[in-house]
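Below you'll find the structure, written out as structure tokens, and then a few comments.
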Amino acid sequence: MALDAITQKVLLDWFAELDAPEGLRVELMEGEVVVAPLPDGHHEHCVSEIVSQVHEHSVTEMQFSRQKGLKLRSADGCPQDHVIPDGTFAPKEQRLYRGADPWMPCEGVTMVLEVTSGKPRPDREIKRRCYARAGIPLYLLVDREARWTTLFESPKADDYEELRGVAYGKPLPLPAPFAFDLKTTDFL
């Protein structure tokens with residue numbers, strides 16, 4: 001939804017001052033405020049499995065940040081997107097998270113991770129566009145409802161040009177700088 005410049009500024013200023021109630025996470029995506037409850041245990045299990053595998057098998061040593069606020073490029077006619085991925089990965093040598101503000105720029109983030117919850121549309125569609133528009137190289141989506149894990153690659157404009165996906169239980173090859181097959185069996 002396109003907003004005039006004054007409305008964009010008012011919305012962004014209001015969002016910046018917002019103090020989310022305990023137990024909720026609030027994001028600003030494509031001019032809309034999205035409120036979601038904190039994740040359940042199965043969601044956290046999937047995140048934990050991925051983080052463990054990355055730390056154990058990635059050829060590049062990676063840092064991980066859980067629910068790190070990212071400032072991304074805005075959609076046309078919207079204020080700057082403020083998104084909280086379930087996780088972000090960056091090469092450890094960058095020390096990207098050290099001293100970062102609660103809402104940090106996304107430059108240097110190699111991969112974002114999302115695991116769907118009760119309302120999968122934001123992860124499947126809106127965040128996919130936001131991450132592609134920001135130029136984040138890799139977007140890993142664990143879709144619990146579809147029982148499918150997808151890796152989106154090669155961001156261009158508002159989408160990714162390449163994707164590869166597997167049903168739960170099958171390995172998903174992750175490219176460099178990770179360069180290993182992600183096991184999805186434990187997502188079942």
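The values are calculated or read from the model by the stated rules, or taken from the named source; none is laboratory data. The structure presented is a predicted model; accordingly, all values stated were derived computationally and were not measured. As a convention, Cβ positions derive from the backbone with ideal geometry for all residues, glycine included, and neighbour counts pool all protein chains shown. The area values use the complete protein model at the heavy-atom level, side chains included, leaving out ligands, DNA and RNA. Shrake-Rupley method; radii C 1.70, N 1.55, O 1.52, S 1.80 Å.
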Residue ID - modelled with the lowest pLDDT, chosen from residues in segment 5-39 that are in contact with a helix residue (DSSP H, G or I) (Cβ under 9 Å, 6 or more places away or on another chain), part of a loop (DSSP other than H, G, I, E, B) and not acidic (Asp, Glu): Gly31
Is one or more of the residues making up segment 151-162 open to solvent by 10 Å² or more (accessible area, probe 1.4 Å), among the aliphatic types (A, V, I, L, M) and in contact with a Ser or Thr (Cβ under 9 Å, 6 or more places away or on another chain)? no
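This table checks each residue for (1) free of Cβ contacts under 8 Å to residues at least 60 places away in the same chain; (2) touching a Leu at 6+ places or on another chain (Cβ under 8 Å); (3) on the phi > 0 side of the Ramachandran plot; (4) charged (D, E, K, R).
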| position | (1), (2), (3), (4) |
| --- | --- |
| Met62 | no, no, no, no |
| Gln67 | yes, no, yes, no |
| Ile84 | yes, yes, no, no |
| Val112 | yes, yes, no, no |
Return the total of residues in segment 74-128 being open to solvent by 10 Å² or more (accessible area, probe 1.4 Å), assigned to a loop (DSSP other than H, G, I, E, B), charged (D, E, K, R) and under 21 Å from Leu151 (Cα atoms). 2
Does any residue in segment 33-58 that is within 16 Å of Gly87 (Cβ to Cβ) come within less than 6 Å, Cβ to Cβ, of a residue that is open to solvent by 60 Å² or more (accessible area, probe 1.4 Å) and modelled with pLDDT under 95 six or more places away or on a different chain, and which pairs are these? Glu49/Asp186
Would you mention how many residues in segment 140-157 are at negative phi and part of a loop (DSSP other than H, G, I, E, B)? 3
The one condition His42 fails out of (1) touching a Lys or Arg at 6+ places or on another chain (Cβ under 9 Å); (2) assigned to a strand (DSSP E or B); (3) open to solvent by 60 Å² or more (accessible area, probe 1.4 Å) is (2)
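Considering every residue within segment 129-139, establish whether at least one is open to solvent by 20 Å² or more (accessible area, probe 1.4 Å) and assigned to a loop (DSSP other than H, G, I, E, B). Break it down into steps so the answer makes sense when it comes.
Taking segment 129-139 and keeping what is open to solvent by 20 Å² or more (accessible area, probe 1.4 Å), we get 129, 133, 135, 137.
Then drop every residue that is not assigned to a loop (DSSP other than H, G, I, E, B), which leaves 135, 137.
Yes, segment 129-139 contains a residue that is open to solvent by 20 Å² or more (accessible area, probe 1.4 Å) and assigned to a loop (DSSP other than H, G, I, E, B).
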Scan segment 50-62 for residues that are more than 19 Å from Asp123 (Cα to Cα) and open to solvent by less than 80 Å² (accessible area, probe 1.4 Å) and jot them down. Ser52, Gln53, Val54, His57, Ser58, Thr60, Met62
